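Some notes on the structure that comes next.
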Amino acid sequence: MDSLTLPRTHYANAEYGLRSWLLTTDHKRIALLFLGSISAFFLIGGIFAMLIRLELLTPPGDLVSDDTYNKLFTMHGIVMIFMFLIPSIPAVFGNFFVPIMVGAKDLAFPRLNLLSWYIFITGGMFTLAAIALGGVDTGWTFYTPFSTHASQSNVMLAAVGVFIMGFSSILTGLNFIVTIHTMRAPGLTWFRLPLFIWAIYATSLINVLGTPVLAISLVAVALERAFHIGIFDPAYGGDPLLFQHLFWFYSHPAVYIMVLPSMGVVSELVAAFSRKNIFGYTFVAFSSLAIAVFGFLVWGHHMFVAGMSVYSAMIFSVLSFLVAVPSAVKVFNWTATLYRGSISFQTPMLYALGFIGLFTIGGLTGLFLATLAVDVHVTDTYFVVAHFHYIMVGGALMGYLGALHYWWPKMTGRMYPDLIGRIAAVTVFIGFNLTFFPQFVLGYLGMPRRYHAYPPEFQALNVLSTAGASILAVGFLIPAVYLLWSLKYGKVAGPDPWGALSLEWTIPSPPPTFNFDETPVITGPAYAYDQREGQRA
Amino acid sequence: MNWSLPLFPAGASTMAGKVDALYLGLIAVSGLAVSVIALLIIVFGVRYRRRLPDQRGATVVPSLALEIGWTAVPLVVGLVMFVLGAHVYLAQARPPAETMDVYVVGKQWMWKFQHPDGQREINELHVPVGRAVRLTATSEDVIHSFFVPAFRMKADVIPGRYTTLWFNATKAGEYHLFCAEYCGTQHSGMIGRIVVMDPNEYQAWLSGGADGGSMASQGQKLFQDFACSTCHLESGQGRGPSLQGLYGGKVALANGQVVEADDAYVRESVLSPTAKVVAGFQPIMPTFQGLVSEEQLLALIEYVKSLQARPQGTPAAGQQPDTRKPGAPPAPRRQPAGRAPGGARN
């Protein structure tokens, strides 16, 4: 193992200078541009989160003013959702690994790919400007008529930023769909594709079909705010609930945009660290598509108390129970994959197992919210806050960290210290549960979300939650340190440090600019750990 | 600091027990599911841990029966949860036939209550124990949400609409009222309390008096002040239709439609009179949008309601809105004659 050396030239040192990065069309370099940008946004969103938790340490709103608090939770939501979670895995790991995993030199439209990043940064600048110029106080949901008639904050700038960033999602999604359809290597049939590709494919479908609806609703908010055209104003015959329908038509599927890629990552990790074919490959693959399709039919469950008819509510409720089934199928198949595997508990696997546990809790508490009579009580309380953080942090972010630790040696050519990595993963898991589990209890007790001050009987649970958040913050900072350290001092990883079989592990780490010296020919399924050579050419 | 660690909220309505039973049932099912998954992961993790660096997993042939089984089980469990949840939800959504009514107007950042007898309250609502109370709520500005955790009751309060909520309190005491839909700067200050009193105490509180007479009599005064009475003659001979016996019945419109005369209909007819023109009349009524406040509208609705709630045996000529003096004991509440169950929903 000591004889491992880095390749002399690879994608990251093939050219030098800022210009070579800012004008690159290499999907791997664009992935790193996204990695740098979303890491910065994650830090900003995380600082907002810590300020929110600090404020909630005591019942009266004594750390920041009510106005500041409202802006903090709004900007935490906007930054984390639109600027971190939605781009996260697709734009970083999808960009880096979709072409490699399908055996291609690059994405179908390399320049469009670079444009995606510039659009994302442009939109991000608008939203950051909205923050720098005093913030936004509408909540990330932009509900009318508050956002259109009442808010005195920078709603327009923030909405324009989110509107622009949406085009980045659409272009990236389009690029993936075309690449997966047309650029698979010879022999790489659909059912030989890694499950990560299936998940990215399903995510891209949602991005392309759903994001335009978000754009429409934000344009409508902007028009209403600027010209009072009356779409959402009852005084002109408009309806404020129309906005909620439009908004959730995108924003519910957006939950799957955030969590489906992580599911794909977990499939990769469970296979690689059990050295075993995924149990029920076709069921896991098709469940991704089922989630993408059914995900478009359940938006109304965000609106059970918003004034819809009891019949609409019942239809959305039953559909919401149905959309849970494909997720449950995935969890069962991952668990079954462990059976008679060769399981190692290296850092990425800890994140994968953490994902399975936390996502299961997140999904099951989703059933509480789908159960109409219970939803009436817990909607708009901390129960919902806890639920979606179990999905978005316990699910999406765990998958992201798993992907980061799994593919880091491939992207940089160097290993991080695995023991410290495992300590950080356990720290994140403990900190996360301590932060968000008490919030389920708080929610059922009746503490409403988005409250700057709260009755004193809720304090003990809030103190627990804030204590958890500080542990969680430490758990996020440790990897930031050792990953940066590893760039220079990490052990050289070699092409396949995990003994994994999919295509990306057949090429050097870091990969050369055009990935493959010659087009690979695929002769077997993605996770053929029971065959000698697996998917190798 | 308060170190108490409450785990379960107080329950003080007829719904609380039903919702709690669902909640505990869901916890049991979820707890079982999480335990099974966690146990399997731990057992497999220990049993099949990697012992040699080059060791690979065994070949396991997937089982179709297993796949179908674990697709079917969550489906069936989910459908059972759906049915149970929907069953209780229907009860939450549909007030019983006989209720005591209170009107609610939400605004940034307070809750205003009007009792039909004329009492007004802000951020505080007094109700008797053991009576079904029906709230008709609207907002003056943005969307709010009326949330009483102890009653397991919540509904968004929306400008331009009437939202109906109902509860039957089972335990005297004071309970939190929260605004649960983010509504701006002082959202977390839009709180209050529901004071549930024993019936005797409630009567005593009620007889504390109201300043401006009953809501219906306030509405009657508005009916005069806005000059509604010049067209809507009781005889039906005026330029507008008579409002006698209107509320809760059916109205034939000029376009051939038949609509139910509920709260929303009366409201719309005041604010957008040409939206639903009654058959046989001209669309000549001006809009009162911007002239009449939400609270005045509710008083007008109470007045229109009172025009049909005449006690039996009272001669029609003597028909007067409720003009009892402040402090008089409350009369038996109106029967919701003609109010279809569907009319109470939003």
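Before moving on, here are some points about what is shown:
- Selection of segment B:235-262 for residues being without any contact (Cβ under 8 Å) to a residue 60 or more places away in the chain and among the charged types (D, E, K, R) yields B:239, B:250.
Here is a yes/no grid of residues against (1) more than 20 Å from residue A:375 (Cα to Cα); (2) modelled with pLDDT under 95; (3) not hydrophobic (A, V, I, L, M, F, W, C):
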| residue | (1), (2), (3) |
| --- | --- |
| B:59 | yes, yes, yes |
| B:75 | no, no, no |
| B:116 | yes, yes, yes |
| B:127 | yes, no, no |
| B:138 | yes, no, yes |
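- Of the criteria (1) at the interface with chain A (Cβ under 8 Å from one of its Cβ atoms); (2) surrounded by 14 or more Cβ atoms within 10 Å (Cβ to Cβ), which one residue B:54 fails: (2)
- Selection status of residue A:224, of a type in the set (D, E, K, R), surrounded by fewer than 24 Cβ atoms within 10 Å (Cβ to Cβ) and in contact (Cβ under 8 Å) with a residue 40 or more places away in the chain: yes
For every residue, the table says whether it meets (1) in a loop (DSSP other than H, G, I, E, B); (2) surrounded by 12 or more Cβ atoms within 10 Å (Cβ to Cβ); (3) modelled with pLDDT of 90 or more.
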{"position": "B:290", "(1), (2), (3)": "yes, no, no"}
{"position": "B:300", "(1), (2), (3)": "no, yes, yes"}
{"position": "B:303", "(1), (2), (3)": "no, yes, yes"}
{"position": "B:309", "(1), (2), (3)": "yes, yes, no"}
{"position": "B:314", "(1), (2), (3)": "yes, no, no"}
{"position": "B:317", "(1), (2), (3)": "no, no, no"}
{"position": "B:321", "(1), (2), (3)": "yes, yes, no"}
{"position": "B:326", "(1), (2), (3)": "yes, yes, no"}
{"position": "B:330", "(1), (2), (3)": "yes, yes, no"}
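- The single residue among B:3, B:70 that is facing chain A (nearest Cβ under 7 Å), over 23 Å from residue A:437 (Cα atoms) and under 42 Å from the mean Cα position of the chain (by Cα) turns out to be B:70.
- Residue match in segment B:35-43 (condition: among the polar types (S, T, N, Q) and within 7 Å of another protein chain (Cβ to nearest Cβ)): no
- For segment A:108-122, the criterion of being outside any loop (DSSP other than H, G, I, E, B), free of Cβ contacts under 8 Å to residues at least 12 places away in the same chain and either out of contact with any Cys (no Cβ under 7 Å at 6 or more places or on another chain) or buried (at least 24 other Cβ atoms within 10 Å of the Cβ) (or both) is met by at least one residue.
Condition check ((1) surrounded by 20 or more Cβ atoms within 10 Å (Cβ to Cβ); (2) within 14 Å of chain B (Cβ to nearest Cβ); (3) more than 27 Å from the chain's Cα centre (by Cα); (4) not in a helix (DSSP H, G or I)) across all residues:
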residue: A:458; (1), (2), (3), (4): yes, yes, yes, no
residue: A:465; (1), (2), (3), (4): yes, yes, no, no
residue: A:470; (1), (2), (3), (4): no, no, no, no
residue: A:473; (1), (2), (3), (4): no, no, no, no
residue: A:481; (1), (2), (3), (4): no, no, no, no
residue: A:486; (1), (2), (3), (4): yes, no, no, no
residue: A:501; (1), (2), (3), (4): yes, yes, no, yes
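- Restricting attention to segment B:178-197, the residues that are of a type outside the set (Ser, Thr, Tyr) and facing another protein chain (nearest Cβ under 10 Å) add up to 11.
- Index of the failed condition, residue A:481 passing every other in (1) free of Cβ contacts under 8 Å to residues at least 12 places away in the same chain; (2) aliphatic (A, V, I, L, M); (3) in contact with a Phe, Trp or Tyr (Cβ under 6 Å, 6 or more places away or on another chain): (3)
- Considering (1) farther than 22 Å from residue B:159 by Cβ; (2) free of Cβ contacts under 8 Å to residues at least 24 places away in the same chain, the lone condition that residue B:273 does not fulfil carries the number (1).
- Total residues in segment A:377-398, condition over 18 Å from residue A:257 (Cα atoms), buried (at least 24 other Cβ atoms within 10 Å of the Cβ) and in contact with a helix residue (DSSP H, G or I) (Cβ under 6 Å, 6 or more places away or on another chain): 6
- Apart from one condition, residue A:370 fits all of (1) at the interface with another protein chain (Cβ under 9 Å from one of its Cβ atoms); (2) at pLDDT 95 or above; (3) more than 20 Å from residue B:85 (Cα to Cα); the exception is (3).
- The single residue among B:97, B:137, B:150 that is among the aliphatic types (A, V, I, L, M), within 28 Å of residue B:203 (Cβ to Cβ) and either over 16 Å from the mean Cα position of the chain (by Cα) or surrounded by fewer than 17 Cβ atoms within 10 Å (Cβ to Cβ) (or both) turns out to be B:97.
- Of residues in segment B:199-240 being surrounded by 13 or more Cβ atoms within 10 Å (Cβ to Cβ) and among the charged types (D, E, K, R), the one farthest from the chain's Cα centre (by Cα): B:234
The values are calculated or read from the model by the stated rules, or taken from the named source; none is laboratory data. Everything numeric here is computed off the predicted structure, so don't read it as measured data. Glycine gets a Cβ as well: all are built from the backbone with ideal geometry, and neighbour counts include every protein chain shown.
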